[in-house]
Each structure stands twice: as structure tokens, then as C-alpha cells.
1. When you scan region 180-190, do you find a residue that is outside any strand (DSSP E or B), farther than 14 Å from Ile103 by Cα and not aromatic (Phe, Trp, Tyr), even just one?
2. Condition (residue is within 22 Å of Leu131 (Cβ to Cβ), part of a helix (DSSP H, G or I) and open to solvent by 40 Å² or more (accessible area, probe 1.4 Å)) applied to region 77-99: is it met by at least one residue?
3. Name the single residue that is surrounded by the fewest Cβ atoms within 10 Å (Cβ to Cβ) among those in region 45-76 being under 18 Å from the mean Cα position of the chain (by Cα) and of a type in the set (A, V, I, L, M).
4. Taking region 196-228 on its own, how many of its residues are in contact with a Ser or Thr (Cβ under 6 Å, 6 or more places away or on another chain) and not small (Gly, Ala, Ser)?
5. Among what's in region 285-325 and is open to solvent by 80 Å² or more (accessible area, probe 1.4 Å), assigned to a loop (DSSP other than H, G, I, E, B) and of a type outside the set (Asp, Glu), pick the residue that is farthest from Lys258 (Cα to Cα).
6. How many residues does region 70-95 hold that are under 13 Å from Met213 (Cβ atoms) and of a type outside the set (Val, Ile, Thr)?
7. Let me confirm something: among Lys251, Lys258, which residue is open to solvent by 100 Å² or more (accessible area, probe 1.4 Å) and part of a helix (DSSP H, G or I)?
8. For Val112, only one of the following conditions fails: (1) open to solvent by 30 Å² or more (accessible area, probe 1.4 Å); (2) free of Cβ contacts under 8 Å to residues at least 40 places away in the same chain; (3) of a type outside the set (S, T, N, Q). What is its number?
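The values are calculated or read from the model by the stated rules, or taken from the named source; none is laboratory data. Since this is a predicted model, take the numbers as computed values, not measurements. Virtual Cβ from ideal backbone geometry, glycine too; neighbours counted across all protein chains shown. These accessible areas exclude ligands, DNA and RNA; they are computed on the full protein's heavy atoms, side chains included. Shrake-Rupley method; radii C 1.70, N 1.55, O 1.52, S 1.80 Å.
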Amino acid sequence: MSDVLSQEEIDRLLSALSQGEVNIEEVKKEGEEKKIRTYDFLRPQKFSKEQIRTVQMIHENFARSVSTYLSGKLRSFTSVNVVGIDQLTYDEYMKSIGNPSFITIFTAREFVGSAILNTSLEIFYGILDVLLGGPGESGDVKRVPTEIEIGIIKKEVVNILTSLSQAWISIHPFIPVVESTETNPQFVQIVPSSEMVLAITFFLSFGKVEGYMSLCWPSSVIEPIGEKLTTQSWFKVKQREITEEHLENLKENLQRTKIDVIAIIGQTVLTLGEIVTLEVGDVIRLKEHYDEPIKIEVNGRTKFLGKPGQYKGNYAVKVTDVIKEGE
């Protein structure tokens, strides 16, 4: 019976009371009895509903970020959606993974322990096919990937894990580090089999390729930051006060940044036929005059003019003029 009774149910109850079919004392006694909730000691619920809701919001944000990244990388619209969040034992999670699969074990200094990113081989071979110039087909998903194929996809996994860290940044910032990769789930043991884990499942599709991706967060990794997994923490905007010390640190970091500086002696245009017939000793005439200052480019933008020469036995350029913004 629902908490709110319909008018018909109320009329039947009043009629039963008036005719003596229902004893009001028995109704009160039933209401006063303690409600017993079943508790499974083999599968204890480690996380509250609010924590699960916060985790879901974090990973929905992660799914949107991965969708944007893969759409650009694969040159095709990629859909990534959270389809489930489950609390289960580590042994149950590993049994749910197909064999073979592409399993990435990653960790971070900010976490205690490791976590798992699992990708089905439909997604693995589909992404690989596009990256190698194909139309994006999964092929034989029962074949174990080669070391070369794993090396190619591993670079994309690093970018996906970076998106994951960005999704967590408002709750618990961390820098993910890939520990290892594996194709057989039987060889992956990051926590005891009976430990509870949070398994977040994603459905990913692009072109004709469809498959699943999942994240496994052991309770030993999530529990230390459980207090932060609240909707209040998720929506809280942290304002950082900009101080002189911050500005000085930023200035020092920028000054240590290395950038490309190129001195362009001269340029010209040749036809393909002229390039093919070039031989040793031929002279190529440049557009610039020999006594004109040469351009000095910084990251592709002309910032200085200079004069070529030598300095301590090396070719060098002496800055003769500074090009101001807008000139």
C-alpha cells in the first residue's frame, strides 16, 4: 500500500472500521512495530545515496568531456553516457569484464591505492582503426591486442584519464599516472576480492562502433575522501585570492618557459620543376637584399629585426630593432 491513500481506499477502510472487520488497536500495534531492514554483511553498502549522487554528477561531467575529446580525435560524433553506478565486490566486478579486454590500472599521489579503467575491445579496435586511417570498424574483438596496438591506444587513455582528473578537480584534484595495462582480468588484483568497489559503466558509440567502458573505484580509494562527496562540495565555487606572491610565482614560471626563436635569412618561391633540376653549385636568389635586416620570429610571430654574424665560432644574430605590437 502506498503512503498516500486514494479516496476509494479511505472509504473502504472507514467502512471496515465501522463494521468491526478491522480492529483499530491492531492497526496501531502494527504501526508501532520496528521496521527491519535487511543487511548483507557480504556486500555492505559503503556509500550513501548523496555520495552516489555526487559521484554520478562527477562522471556525467567526465562523460561529456570524453565525448568532446573523442569527437575531435576521431572526426566523428562520439556519444558517451553513464548507464549505471553499482556497489559490488571486486571479485564480482572482475567477473563482469570480458576476456580479453583492455584494462588500464592507474593511480595518483593524492589517492591511497589504484583504480581501473576498462575498455571493451569493440571500442579499442574501433578507435585504433580510425587512428590508423580506417573507417572505424571493430574487426575481430576476440583477438588479443599486440604491444604496438596497446602503445597507440595507451596515449589516448592518458588523455581520457586527464579528462577524468578535470571532472574531479572541484572535489579532489589529482594527477593520474598509468601503472600498467593488461588484457586478461585474471591477472589484475589491486584489492582483496571481497572489498567493495564503485563501478561506473559508460556506453560509448561512434559511427558503427558501440561498446562499454567502465571505471572501478575501490572503497579504500574513495572512503578517505568520502566527506567531500556531497552536492554542497560539488556546487561550491572556491575563490582564490590573487596575491603578490602568486603573481611573482607566475612571472618566474613564465620566464623559465622555453619557446622557439628563428632567424629567417631570406625566402623565395620555386616551382616544383625548378626544385627537381637543382644541382650542387646552383645559386638560389632570395627576395631579401644582402644588407637588409633579417626577421627574428618568436613562436611564429616576427618580434625583432637583426643582423647575421658570428659569435665565439657560432652563427649568431644581433638584435637591431624591436617590432612593437601592431607594427
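1. There is no residue in region 180-190 that is outside any strand (DSSP E or B), farther than 14 Å from Ile103 by Cα and not aromatic (Phe, Trp, Tyr).
2. No - not one qualifying residue is present in region 77-99.
3. Met57
4. Qualifying residue count, region 196-228: 6.
5. The qualifying residue farthest from Lys258 (Cα to Cα) is Arg285.
6. Residues meeting the conditions: 4.
7. On the way: Lys258 fails: part of a helix (DSSP H, G or I).
Lys251 is the lone residue from the list that is open to solvent by 100 Å² or more (accessible area, probe 1.4 Å) and part of a helix (DSSP H, G or I).
8. (2)
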